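Right, one structure below, let's go through it.
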């Protein structure tokens, strides 16, 4: 009986040592994909904010409306940077040096912003991996909103 206990004394520690790296990899993957989905949601919401401003019926020139749309997109993303995850999002949208590409289509809209016409606002963002930083490439996240002019 004593010999059997001696031969199994390190089995639990060995099993833990084998399983721990796998558990850490799964946990890191969950964190990384959560950040990707968070950033994707933020740029989609930012495109929605810009499109809302663009479809409203006003008599202002397109250049003024376009500037207001782009400013609203930037303001939304800056406001998200100051949220509860600010200290954690170092390389994603929490990074003050992030860059987004904003596209408006058609630019300028044909006609006089006629009701029934559509406006497409696209925001693109190159995501740099945070947890898996050894992956040197980035992925482009795209948020797009299509709305009808009022």
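Going by the structure shown, is residue 17 on the phi < 0 side of the Ramachandran plot, in contact with a strand residue (DSSP E or B) (Cβ under 7 Å, 6 or more places away or on another chain) and modelled with pLDDT of 85 or more? Judged against the criteria, residue 17 is not a match.
Note on the range 108-142: among residues that are at pLDDT below 80, in contact with a helix residue (DSSP H, G or I) (Cβ under 8 Å, 6 or more places away or on another chain) and farther than 16 Å from residue 57 by Cα, the one that is surrounded by the fewest Cβ atoms within 10 Å (Cβ to Cβ) is 132.
The values are calculated or read from the model by the stated rules, or taken from the named source; none is laboratory data. All values derive from a computational prediction rather than experimental measurement. We place every Cβ from the backbone using ideal geometry, glycine too, and count neighbours over all the protein chains shown.
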